Amino acid sequence: MLSRRTSPLTPDATVCASTLLLAVSFLATAVLPGAMVLFAATAFAGLGEGPQLTALFTIRHREAPPEVRAQVFTTAASVKVLGLALGAGLAGPLTGVSVYACLLAATGAQLLAALIYLLFSISRVRTPSPARGA
């Protein structure tokens, strides 16, 4: 039933909104006390994660030419695994400092990702891609 409904947001906006939702979830977990906040933040993170992945796949499918689409998806999966490994390697020592430091670092990473998206979106609007026929 949910697969029939379309989102009012574009896939690009969904990725950005989901990233910001994840940042808010991490930040709330770090700074607000209580188990109920933890449960609510976990639910919000889950609400952000699913639509983000779906929108990301939609964007990859839209942007990659059909003849290299499989390579793009495979390479993106490899880069994701690399990012997860690097993140775990950096977070390991940080856990010795504080769980809150880890959550704040995760918040910062999500905010940085959203900022990079916004900067690229602004530059993309100003300079149309030659492949898309200005």
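Listing for the model above:
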| item | result |
| --- | --- |
| Sole exception among (1) without any contact (Cβ under 8 Å) to a residue 60 or more places away in the chain; (2) under 16 Å from SER121 (Cβ atoms) for GLY34, by number | (2) |
| Hey, LEU86 open to solvent by 70 Å² or more (accessible area, probe 1.4 Å), under 19 Å from THR29 (Cβ atoms) and either polar (S, T, N, Q) or at pLDDT 90 or above (or both) or not | no |
| Check on ARG62, open to solvent by 80 Å² or more (accessible area, probe 1.4 Å), more than 22 Å from CYS102 (Cα to Cα) and in a helix (DSSP H, G or I) | yes |
| Options PHE44, PHE57, PHE73, PHE39; residue that is touching a Ser or Thr at 6+ places or on another chain (Cβ under 8 Å), part of a helix (DSSP H, G or I) and either open to solvent by 50 Å² or more (accessible area, probe 1.4 Å) or in contact (Cβ under 8 Å) with a residue 24 or more places away in the chain (or both) | PHE44 |
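The values are calculated or read from the model by the stated rules, or taken from the named source; none is laboratory data. Please read these numbers as outputs of a predicted model, since none were measured by experiment. Note that we place each Cβ from the backbone using ideal geometry, even for glycine, and neighbour counts take in every protein chain shown. Remember, those area values only see protein heavy atoms, side chains included, never the ligands or the DNA or RNA. Shrake-Rupley method; radii C 1.70, N 1.55, O 1.52, S 1.80 Å.
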